[in-house]
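Asks: Structure provided below as structure tokens; questions to follow.
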Amino acid sequence: MTFLERLEDLERTYQELEEQLARPEVYNDRRRYAELARSHAELSEVVSLLREYRRCLQEAAEARDLLKEERDPEMQEFLRDSLREAEGRAGELEERIKVLLLPVDPRDRKDVIMEIRAGAGGEEAGLFAGDLYRMYTRYAERRGWRTEPLSSSPSELGGFKEVIFSVRGEGAYSRLKFESGVHRVQRIPVTESGGRIHTSTATVAVLPEAEEVEVDIDPADLRVDVFRSTGPGGQSVNTTDSAVRVTHLPTGVVVTCQDEKSQLQNREKAMRILRARLLRMEQERQRREQAEERRSQVGTGDRSERIRTYNFPQGRVTDHRIGMTLYRLEEVLDGDLDELIEALAAADRAERLAETGGVE
């Protein structure tokens with residue numbers, strides 16, 4: 001099926017949906033109507049672009065035909081301009097349509113659980129983990145998303161050895177998924193008396209939050225231990241067995257939560273983290289299988305673990321995956337991530353288009 005034939009097939013589906021939505025029996029079935037209306041809305045942008053694309057192709061064809069017969073030089077120049085304009089517009093529309101036809105990641109609409117852990121660099125790495133946590137919570141605020149701390153292990157100087165939190169909002173995973181990886185900071189640590197620049201790291205994991213129906217956990221596969229919290233939180237936290245450690249026996253995954261005063265709340269948060277981690281393990285298993293198949297055909301294209309560097313002396317942020325450098329370090333750390341994320345999303349779309357050879 002050619003590109004245009006596929007578009008025409010989508011247009012026929014769109015028209016059939018319009019006809020079904022106009023039927024009284026469908027309108028009276030609210031669930032059926034909602035499903036059809038959602039499918040209709042998903043196709044509307046593609047169909048609108050298709051109709052404009054088809055009009056541009058027709059204008060180009062007409063200009064081409066007239067140009068063959070025209071003898072007047074001024075009219076020929078006018079027709080050439082018209083042809084270039086119509087072909088240029090058609091090319092732009094074709095690229096936009098191909099992007100819309102790329103397979104949608106079903107996880108893109110999900111909420112996420114983010115895990116930030118201090119890496120190499122001791123206390124400075126913990127402070128950097130705290131900087132990243134503030135950066136992402138401020139980015140969430142800018143987009144109107146809600147964040148909720150789930151678990152944390154503070155470091156001595158006010159950073160984090162580990163911090164886990166959820167982000168809830170429309171399209172959270174679709175944008176934050178590009179943040180997974182090793183983040184590196186270059187700056188003079190507060191503990192450095194000689195003024196030397198140190199390099200520290202922190203790792204970021206972005207997990208689509210799993211619904212209970214997506215991950216089937218047998219209660220018999222769980223070991224739940226309760227113990228007295230050792231972290232901050234007030235006298236009532238430290239004098240009751242409110243902390244919870246959940247171990248998933250088949251995989252060995254362990255989740256500990258002790259931030260809440262209630263054992264029930266800590267257990268609920270631990271189960272949310274466990275579900276997300278088990279979902280990620282299954283998705284990674286599937287991706288490994290797909291990657292092996294792809295490598296056998298086109299070879300490997302793995303990127304370096306280090307995805308981004310935050311250089312304080314130069315006031316710059318460099319994303320190594322796309323070779324993009326911004327001299328707006330303070331703004332980025334204050335949550336102004338849109339320019340970076342938009343560039344990463346565009347590079348991802350271009351890569352997927354290249355892998356599929358466009359949309360056939």
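Values in this text are rule-based calculations from the coordinates and carry no lab data. All values reported here derive from a predicted model rather than from experimental measurement. As a convention, Cβ positions derive from the backbone with ideal geometry for all residues, glycine included, and neighbour counts pool all protein chains shown.
Asks: Express the C-alpha Rg of the stretch 1-47 as a ratio against the empirical globular expectation 2.2 N^0.38 Å, rounded to two decimals. All intermediate terms of the calculation are to be shown ahead of the outcome.
Replies: Working: Rg = 11.9 Å, N = 47, 2.2 N^0.38 = 9.5 Å.
Rounded to two decimals, the normalised Rg is 1.25.
Asks: OK, next. For the chain, what does -39500 (n - 2.57) per DSSP helix run (n ≥ 4), summed and divided by total residues, give at 222 nm, in deg cm²/dmol to the nearest 500? Can you show the working numbers first?
Replies: Numbers: 10 runs with 182 residues, N = 360.
The per-residue figure over the chain is -17000 deg cm²/dmol.
Asks: Springs between alpha-carbon pairs under 10 angstrom, Gaussian network model over the chain: which of A61, A270, A125 fluctuates most?
Replies: Among A61, A270, A125, the largest GNM mean-square fluctuation belongs to A61.
Asks: Let me ask something additional. Please list, in order along the stretch 271-285, the HN-Hα scalar couplings obtained from phi with the Karplus expression 6.51 cos²θ - 1.76 cosθ + 1.60 (θ = phi - 60°), rounded to whole Hz, x for Gly and Pro.
Replies: Taking θ as phi minus 60°, the curve returns 5, 4, 5, 4, 4, 5, 5, 5, 5, 4, 4, 5, 5, 5, 4 Hz for the stretch 271-285.
Asks: Still on this structure, please answer the following. Anyone know which of R349, R316, R71 comes out most mobile in the 10 Å Cα GNM of the chain?
Replies: With Cα springs under 10 Å in the chain, the top fluctuation among R349, R316, R71 is at R71.
Asks: Let me ask something else. Mind checking the angle between helix 122-142 and the chain's longest principal axis? C-alpha axes, 0 to 90 degrees, to the nearest 10.
Replies: 50
Asks: Let me ask another. Could you list E192, E52, E115 so that the one with the fewest beta carbons within 10 Å of its beta carbon is first and the one with the most is last? Please list the in-between numbers first.
Replies: Details: E192 12, E52 15, E115 20.
In order of increasing Cβ crowding within 10 Å: E192, E52, E115.
Asks: Angle, helix 3-21 long axis vs. longest principal axis of the chain, Cα atoms, 0 to 90°, nearest 10?
Replies: 80
Asks: For the stretch 3-100, what mean projected area does the convex hull of the alpha carbons give, in nm²?
Replies: Values: hull surface 29.8 nm².
That works out to 7.5 nm², a quarter of the Cα hull's surface.
Asks: Which entry in (1) 146; (2) 168; (3) 221 matches volume of the Cα convex hull per residue in Å³ derived from the coordinates of this structure?
Replies: (3)
Asks: I've got another one for you. When the Cα centres of the stretch 107-175 and the stretch 310-360 are compared, how far apart do they sit, in Å?
Replies: Between the Cα centres of the stretch 107-175 and the stretch 310-360 lies a distance of 19 Å.
Asks: I would also like to ask the following. Under a point-charge model restricted to the Cβ atoms of Lys and Arg (+1) and Asp and Glu (-1), what is the dipole moment magnitude of the chain relative to its Cα centre, in debye to the nearest 20?
Replies: With only Lys, Arg, Asp and Glu charged at Cβ, the dipole is about 1560 debye.
Asks: Mean-square fluctuation check for the chain, GNM, Cα pairs under 10 Å: which of G181, G88, G315 is largest?
Replies: Result for the chain, Cα springs under 10 Å: G88 fluctuates most.
Asks: Going through the stretch 61-105, which GluC sites (Glu not before Pro) have at most 16 other Cβ atoms within 10 Å and a DSSP loop state?
Replies: On the way: sites: E62, E69, E70, E74, E77, E85, E87, E92, E94, E95; in loops: E70.
Those satisfying the criteria are E70.
Asks: Once label points are set 7 Å from the Cα along Cα→Cβ at both E156 and M281, what is their separation, rounded to one decimal in nm?
Replies: According to this spin-label approximation, the distance is 3.4 nm.
Asks: Within the chain, how many Lys pairs sit with Cα atoms under 26 Å apart, leaving out pairs fewer than 8 places apart on the same chain?
Replies: So the count works out to 9.
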